[in-house]
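Remarks on the structure that follows.
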Amino acid sequence: MSDERPVDATEAVGDAAARTAVVETTHADDAAAATVAAALSPDNTDEIRTTNEGRTVATRVERGTTGGLLASVDDYLVNLDVADDAVALGRGSGSDTAAARDAAADNDADGIRDTIDDANTHDT
């Protein structure tokens, strides 16, 4: 468990007009959640805070604009995915590892799991 208090979506931080998102994920066990939260903690700022409680990792993101919020949440989700895959691979056994390997194998030509067929996803 982290030393910080849990993330609260209703708590005001900074500008009252800021856009806020809270992302909560549940992990295999307390240790996995703590490891994922620790991997994400270097991204903590005044506007992004990640904590964990038991099997849950919660991250609160606040930005002044909707575009900024979307970009920050998108970046966070990519980092979360990498941290979760690393935990699964580090454990070296079970379905989590197989799922992480399958996910890595599904990467498209750009190395991003956004689609199976890159040829049909870009405007020309």
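The values are calculated or read from the model by the stated rules, or taken from the named source; none is laboratory data. Keep in mind that this is a model prediction, so the values were computed, not measured. Quick reminder, even Gly has a Cβ in these numbers, built from the backbone with ideal geometry, and neighbours come from all protein chains shown.
Okay, here's what the table says:
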| quantity | calculated |
| --- | --- |
| In region 55-70, the residues that are of a type in the set (Gly, Ala, Ser) and assigned to a strand (DSSP E or B) | ALA58 |
| VAL61 vs. criteria at pLDDT 95 or above, in contact with a helix residue (DSSP H, G or I) (Cβ under 6 Å, 6 or more places away or on another chain) and not polar (S, T, N, Q) | yes |
| Any hit, region 36-54, residues being farther than 14 Å from THR20 by Cα, in contact with a strand residue (DSSP E or B) (Cβ under 9 Å, 6 or more places away or on another chain) and in a strand (DSSP E or B) | yes |
| Residues that are basic (Lys, Arg) and within 24 Å of ALA88 (Cα to Cα), drawn from region 12-59 | ARG49, ARG55 |
| Region 24-40 - residue that is acidic (Asp, Glu) and more than 14 Å from LEU80 (Cβ to Cβ) and, of those, modelled with the lowest pLDDT | ASP29 |
| So ASP43, is it surrounded by fewer than 21 Cβ atoms within 10 Å (Cβ to Cβ) and either closer than 16 Å to LEU77 by Cβ or at pLDDT 95 or above (or both) | yes |
